[in-house]
Structures are given as C-alpha cells and as structure tokens.
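The values are calculated or read from the model by the stated rules, or taken from the named source; none is laboratory data. In this text the structure is predicted, and so the values were computed from the model without any measurement. Here Cβ is always computed from backbone atoms with ideal geometry, including for glycine, and neighbour counts include all displayed protein chains. To get the accessible areas, we keep the full protein, side chains included, count just its heavy atoms, and leave off ligands, DNA and RNA. Shrake-Rupley method; radii C 1.70, N 1.55, O 1.52, S 1.80 Å.
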Amino acid sequence: MERYEPTPLTTLRRGSTRARYERETVHHILDEAVFCHVSFATLGRPACIPMAFARLGESIVLHGSTGNRALRALRDGAEACVSVTLLDGLVLGRSAFRTSVNYRSVVVYGRAEEVEDPAEKQAALRSIVEAAIPGRWQDVRHPSETELQLVMVLRIPLVEVSAKVRTGPPADKEEDYALGCWAGVIPLHQSAAAPVADPRLPAERPPPRYATHYQRPAHPPEEAAR
Ligand SMILES: Cc1cc2nc3c(=O)[nH]c(=O)nc-3n(C[C@H](O)[C@H](O)[C@H](O)COP(=O)(O)OP(=O)(O)OC[C@H]3O[C@@H](n4cnc5c(N)ncnc54)[C@H](O)[C@@H]3O)c2cc1C
C-alpha cells in the first residue's frame with residue numbers, strides 16, 4: 001500500500017488540504033527528524049516526553065532505561081501518540097491572523113510492543129544511533145550483554161498515521177494584498193556547527209567526516225495546499 005489509510009483518529013479536519021497519508025512523505029519526515037514527542041496517559045494524567053527515535057521499516061523504535069516511566073507505561077499497554085515536527089519557515093502574512101508557519105509534521109497512534117530478542121534489540125539500537133548520526137555505528141563500541149539488559153526497546157507499528165504539510169507564501173485575504181507591510185517567508189532549517197572535540201581526545205585526532213559534514217537527510221517539502 002502506497003498510503004496509510006486515514007481512520008477517524010487520523011482524519012484531518014481543519015486545513016485538511018494539507019493532509020498527507022503517502023508512506024513516502026511520512027517516511028521522509030520521520031527520517032529527517034532527530035527526536036519525537038511521546039504522549040501517553042498515566043495515572044489519569046496526560047504526559048508528553050521528548051525522546052530520540054528511529055524509523056525501522058514500518059515501525060518506529062524508542063529506547064531508554066528499563067526504569068523509564070514512559071517506556072514502562074507504553075510497555076504495560078498505555079496507548080501511545082508520537083508526534084514529530086520539522087519547522088521549515090515563518091510565514092509573514094499581511095495580517096496578524098495570517099501569520100503562520102511552514103512545517104511538516106507526523107502524528108502516529110498505536111500500542112507499543114517490547115523488543116526482547118537480543119539481536120533485534122541490537123538492530124533497533126543501531127537504527128537509533130544511525131538515525132541521529134549516519135555512519136557512527138561502525139566506529140563505536142556496540143552494546144554489551146549487560147548494557148542490552150539495562151535498556152528497554154519498544155516498537156510502535158506505523159499503521160494509524162497522518163502527516164500534515166504547509167509550504168509556500170502567505171495566504172492573505174485578497175484585500176490585504178494592497179497593504180504596505182512586507183510579507184513572505186523566513187525559511188528555517190536545522191544545521192550543524194563545527195564539531196567540538198572531547199577534551200580527553202588526543203589533540204591530533206581529527207573528527208570524522210560524518211561530524212565535520214553533519215547534515216540531516218534532506219527531503220524538501222513538496223508543494224502543498226496552504
Ligand atoms: C531531544 C531529547 C531526546 C531524548 N531522548 C531520549 C531517549 O531516547 N530515551 C530516553 O530514555 N530519554 C530521552 N530523553 C530524556 C527524556 O526526555 C526524559 O527526560 C527521560 O526519559 C526521563 O525519564 P524518567 O522516566 O526518568 O522521567 P519521567 O518520570 O517521565 O519524568 C518525570 C517528570 O520530569 C519532567 N521531565 C522529564 N523529562 C523531561 C524533559 N526532557 N524536559 C522537561 N521535563 C522533563 C516532567 O515533568 C515529567 O513529568 C531525551 C530528551 C530530549 C530533550
């Protein structure tokens with residue numbers, strides 16, 4: 001299937017022309033993001049915790065300490081809502097009302113399952129490291145058996161999923177185009193500064209190329225309705 005089937009929960013109502021359900025669009029947004037927000041209810045209260053993640057095929061994987069509250073709640077059956085946002089620009093309309101943002105975002109609903117098989121756990125941790133810093137896994141010591149036991153890994157299937165994308169200039173009211181103020185877009189994007197070496201590294205040790213040339217996988221937003 002080329003797209004995720006919208007459900008009552010993932011059907012966009014306001015701004016529905018910006019809705020995207022194509023797998024490729026969703027995958028690109030998830031792959032470009034560095035972290036997500038994991039929401040769940042626990043003891044009758046909502047909670048929302050930022051976490052690293054990776055997309056592994058048609059799942060996202062999360063990891064953390066076996067004592068982690070969010071992971072424990074999800075493992076024990078709490079419904080998860082995971083969201084990811086890429087902020088692409090500030091949209092300066094001619095009215096306060098039409099001041100907006102260009103963005104690409106994804107919301108995923110689902111139940112998590114624990115990844116317990118050591119080889120699968122190792123693969124999930126690899127994907128999280130590689131999602132953040134492509135090329136890093138081959139250079140670092142891999143988790144020992146003890147370290148693997150200290151980490152909980154969860155998988156949330158990509159089934160109930162939506163994306164929403166806004167691109168382009170302001171969408172002002174027709175009569176406001178005659179106003180004198182500047183209007184347009186201030187593009188925003190994630191970029192890396194020069195790497196800062198650990199003071200305990202030998203001075204002559206140069207940083208690897210994936211650090212000096214660090215960049216997120218770039219999938220420029222497709223033109224979408226505003
Ligand atoms: C970009 C990013 C990526 C992260 N990636 C991971 C990850 O992959 N795995 C992981 O285990 N942790 C990650 N963390 C840390 C994570 O956000 C939590 O702080 C951590 O999981 C603590 O869990 P806990 O069970 O001890 O805390 P909880 O019991 O969940 O938290 C108790 C309370 O502490 C406060 N709190 C907890 N975390 C935060 C926070 N980040 N900011 C502000 N207040 C907070 C809240 O009020 C919360 O209700 C990441 C944080 C950030 C910002």
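Worth a mention:
- Qualifying residue in segment 100-109 (condition: over 18 Å from the mean Cα position of the chain (by Cα) and polar (S, T, N, Q)): yes
- The residues of segment 53-97 that are assigned to a strand (DSSP E or B) and near the ligand (Cβ under 8 Å from one of its atoms), listed by number, are L62, H63, G64, S65.
- Checking each residue in segment 173-206 for being outside any loop (DSSP other than H, G, I, E, B) and open to solvent by 60 Å² or more (accessible area, probe 1.4 Å) picks out E174, E175, Y177, A178, I186, P187.
- Sole exception among (1) loosely packed, with under 10 Cβ neighbours inside 10 Å; (2) without any contact (Cβ under 8 Å) to a residue 24 or more places away in the chain for R209, by number: (2)
- Checklist (1) of a type in the set (A, V, I, L, M); (2) free of Cβ contacts under 8 Å to residues at least 60 places away in the same chain; (3) more than 20 Å from E114 (Cα to Cα) applied to M51, failing item: (3)
- Out of M51, M1, sole residue that is surrounded by 12 or more Cβ atoms within 10 Å (Cβ to Cβ) and not acidic (D, E): M51
- Segment 13-52, residues that are hydrophobic (A, V, I, L, M, F, W, C), within 16 Å of the ligand (Cβ to nearest atom) and closer than 10 Å to V84 by Cα: L30, A33, V34, F35, C36, V38
- Residues that are surrounded by 18 or more Cβ atoms within 10 Å (Cβ to Cβ) and touching an Asp or Glu at 6+ places or on another chain (Cβ under 8 Å), drawn from segment 77-97: L86, G93, R94
- Filter result for T212 (within 17 Å of G89 (Cα to Cα) and modelled with pLDDT of 95 or more): no
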